[in-house]
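Undergrad: Dumping the structure here so I can ask a few things about it.
The values are calculated or read from the model by the stated rules, or taken from the named source; none is laboratory data. None of the values given here were measured: they were computed from a predicted structure. Here Cβ is always computed from backbone atoms with ideal geometry, including for glycine, and neighbour counts include all displayed protein chains. These area figures cover heavy atoms from the full protein model, side chains too; ligands, DNA and RNA do not enter into them. Shrake-Rupley method; radii C 1.70, N 1.55, O 1.52, S 1.80 Å.
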Amino acid sequence: IVADKGCLKLHRLSDRICAAGAGTSAACDELTRITALKLETQLMQQRQRRGSTGSSSSSRSGAHGHAPRDPSPRLSAVARMLSREMRAEDYGSAFLVGGADDAGSGLFVVTPEGAYEQVPFAAVGSGMGPAASELVGRYRPDMDEEEACRLVADAVRCGITEDLGRGSFLRLWI
């Protein structure tokens, strides 16, 4: 995740969810601001409903009365919110949305066209080719936190060398 000293590329959307933006910084700032506000509104509405009904159960159900299980429902909702905003306007930005919710942790990529999907790893932005090459070559699902941080830092450094005009400041958010 690359950010120069005058431009934040990392955006906190909630206590446990962040987005990394690639594209025009003003567009990334606006999209993440809108998404964070919508997420907070959604969470407040859920808390109000729970308070008025006394229950937090979902009305959705699958086979045998069990609710279908989204691997990261809140992360998925955030990726969907970003996707809808990006389809409504041509922002030309891409995002990585990562974090944790009650169901676990995850990572989503949201493309400039508004498509989104859950992925084990991804790179976006002008240096994504070399960064993705590093990720593909070294990623393992069973990596510990230290190995994963080292891989991300190395991948970002590879991306920086591809696009020196974007700055060389590196910040990892865990």
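Undergrad: Kindly list, by first and then second residue, each pair from a residue in region 12-34 that is at pLDDT 85 or above to a residue that is open to solvent by 70 Å² or more (accessible area, probe 1.4 Å) and not aliphatic (A, V, I, L, M), limited to pairs with Cβ atoms under 7 Å and residues at least 6 apart or on different chains.
TA: Going by the 7 Å Cβ cut-off, the qualifying pairs are ILE17/ARG74; CYS18/ARG12; CYS18/TRP173.
Undergrad: Right, something else. Scan region 135-150 for residues that are modelled with pLDDT of 95 or more and open to solvent by less than 60 Å² (accessible area, probe 1.4 Å) and jot them down.
TA: Passing the criteria: LEU135, MET143, GLU147.
Undergrad: Tell me, which residue of region 108-156 that is touching a Gly at 6+ places or on another chain (Cβ under 6 Å) and of a type outside the set (A, V, I, L, M, F, W, C) is farthest from SER83 (Cα to Cα)? Reasoning before the result, please.
TA: If we filter region 108-156 for residues that are touching a Gly at 6+ places or on another chain (Cβ under 6 Å), which is where we start, we get 112, 118, 127, 130-131.
When the remaining residues are screened for being of a type outside the set (A, V, I, L, M, F, W, C), the result is 112, 118, 127, 130.
Values: PRO112: 9, GLN118: 13, GLY127: 22, PRO130: 25 Å.
My answer is PRO130.
Undergrad: In region 95-111, what residues are open to solvent by less than 50 Å² (accessible area, probe 1.4 Å) and modelled with pLDDT under 90? Before the answer, list the steps.
TA: Restricting attention to region 95-111, the residues satisfying the condition of being open to solvent by less than 50 Å² (accessible area, probe 1.4 Å) are 95-101, 103-104, 106-111.
Within region 95-111, ALA100, ASP101, ALA103, GLY104 meet the criteria.
Undergrad: Can you name the strands (runs of 3 or more DSSP E) wholly within region 85-160 that have at least 2 residues being touching a residue at least 40 places away in the same chain (Cβ under 8 Å)?
TA: Numbers: elements: 94-101, 104-110, 116-118.
Qualifying strands (runs of 3 or more DSSP E): 94-101.
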